[in-house]
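The values are calculated or read from the model by the stated rules, or taken from the named source; none is laboratory data. Computed from a prediction, not measured in an experiment: that's the story for all the values here. As a convention, Cβ positions derive from the backbone with ideal geometry for all residues, glycine included, and neighbour counts pool all protein chains shown. We work out accessible area using only protein heavy atoms, side chains counted, and drop any ligands, DNA or RNA first. Shrake-Rupley method; radii C 1.70, N 1.55, O 1.52, S 1.80 Å.
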Amino acid sequence: MTRAWSILPDEWKPILKDRGLRPFRADQILQALYRDYISGWDAATTLPKDLRETLKAEFPLTPYKQLDVSESADGTRKLLIGFDDGNAVETVLIPASGRFTQCISTQVGCAMGCAFCASGAHGIVRSLTADEIVAEYMAGRAFGEITNIVVMGMGEPFANYDATMRALKLINAGRGPNLGARHITISTCGVVPGFARLAAEGIQFELSVSLHAPNNELRSRLMPINRRWPLDELLAACADYTHATKRIITFEYTVIGGVNDSRACAEELARQVRRVPMAKVNLIPLSPVSHRPDFKTPDEQTLLMFLDVLMKHGVQTMLRRSRGKDADAACGQLRLRHMS
Ligand code: SAH
């Protein structure tokens, strides 16, 4: 048994052949899956009934349930997607000026334990399989055509590399959903071996790196991963990635009031970021999380000062505004609410 949404379009023909099925059915199967977006094989009426029965048994669609939808005033929707073992992840849909961006999860919980992040507050339960990640996309596209994907939900994509990459390749595939690679952004907290692997794929996915601190002392306090792969190694991996792929890297910097928001931090960040060619910075004001009431959103003046320092150093910087706060869509809180 292999789940249909884990099979890349080009793999269908050989797989059908292996099972003694007619390879020419692959095209009809792909049309049913990714043009008609069937929600079950019974709906694939272009296929003969006996084949539909075989597909149901041997290549089932991933069973998932939409357990909850919450909509925020800005139009952001957060879905809670449950799988057959009772675990659930969240995916967020963000409409914005001609775009419809989906934020997807790669793991149930997270092992990385970043201090400010709700997704890791209870550790990791398990990684998602490729077809479960695709199922999130399927649940999302029921609300409208997805134009962009950001892998910024729960979990660390480079800690679930194979499944994440398979799901993204499927969503990117021309005979699959055909979402352009440049419209898909992978975000990592800095699992260094993932950089060379991604570069070797030769696919033009966008890469974001969660930095959040400009030196090892502070970064190791906020992000335990920094003890395994400290800044020097991380930034070297980023520079190698940029050289190998000629692609830019975007550094994410969550600004936490009184923690990493000083002028000195901004100066130091500018120096670090300039070690990586063509790097950009996204500043994101912290979304408060209930398990760390001591972490506050910085005030507006501080954010503008921080932005100004980076710009004066010639670092291309964007100040991002958090979306979907009233739907708890910023950082793993919907699932937390369900757990408690
Ligand atoms: N594990 C990946 C992707 C998931 S998190 C990564 O670390 O990049 C997506 C982004 O949201 C990361 O930059 C993460 O640090 C940030 N984030 C987590 N909690 C946050 C919070 N409370 N406020 C603002 N950003 C947060």
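Structure notes:
- If you go through region 1-12 and keep only what is touching a helix residue (DSSP H, G or I) at 6+ places or on another chain (Cβ under 8 Å) and either in a helix (DSSP H, G or I) or surrounded by fewer than 19 Cβ atoms within 10 Å (Cβ to Cβ) (or both), you end up with Met1, Thr2, Arg3, Ala4, Trp5, Ser6, Leu8, Pro9, Trp12.
- Matching residues, region 13-37, being open to solvent by less than 20 Å² (accessible area, probe 1.4 Å) and farther than 14 Å from Arg3 by Cα: Ala26, Ala32, Tyr34
- Here Arg274 meets the list (1) open to solvent by 50 Å² or more (accessible area, probe 1.4 Å); (2) out of contact with any helix residue (DSSP H, G or I) (no Cβ under 8 Å at 6 or more places or on another chain); (3) in contact (Cβ under 8 Å) with a residue 60 or more places away in the chain almost entirely, failing just condition (3).
- Test result for Lys325, open to solvent by 80 Å² or more (accessible area, probe 1.4 Å), at pLDDT below 65, within 13 Å of the ligand (Cβ to nearest atom) and assigned by TED's automatic domain parsing to the domain that holds Leu269: yes
- Selection status of Leu67, part of a strand (DSSP E or B) and either touching a Pro at 6+ places or on another chain (Cβ under 6 Å) or open to solvent by 20 Å² or more (accessible area, probe 1.4 Å) (or both): yes
- Candidates in region 195-217 are the residues that are hydrophobic (A, V, I, L, M, F, W, C) and out of contact with any strand residue (DSSP E or B) (no Cβ under 7 Å at 6 or more places or on another chain); of these, the one that is surrounded by the fewest Cβ atoms within 10 Å (Cβ to Cβ) is Ala200.
- Scanning region 79-96 for residues that are among the small types (Gly, Ala, Ser) and in a strand (DSSP E or B), we see that the one that is farthest from the ligand (Cβ to nearest atom) is Gly82.
- Asp50 passes every criterion in (1) assigned by TED's automatic domain parsing to the domain that holds Leu222; (2) among the acidic types (Asp, Glu); (3) farther than 22 Å from Arg292 by Cβ apart from (1).
- Being at pLDDT 95 or above and away from the ligand (no atom under 16 Å from the Cβ) is true of Pro177.
- On the stretch given as region 166-194, residues that are closer than 21 Å to Gln107 by Cβ, open to solvent by 20 Å² or more (accessible area, probe 1.4 Å) and not hydroxyl-bearing (Ser, Thr, Tyr) total 5.
- Sub-9 Å Cβ pairs linking a first residue in region 223-252 that is outside the structural domain of His183 (by TED's automatic domain parsing) to a second residue that is hydroxyl-bearing (Ser, Thr, Tyr) and surrounded by 15 or more Cβ atoms within 10 Å (Cβ to Cβ), at least 6 apart or interchain, number zero.
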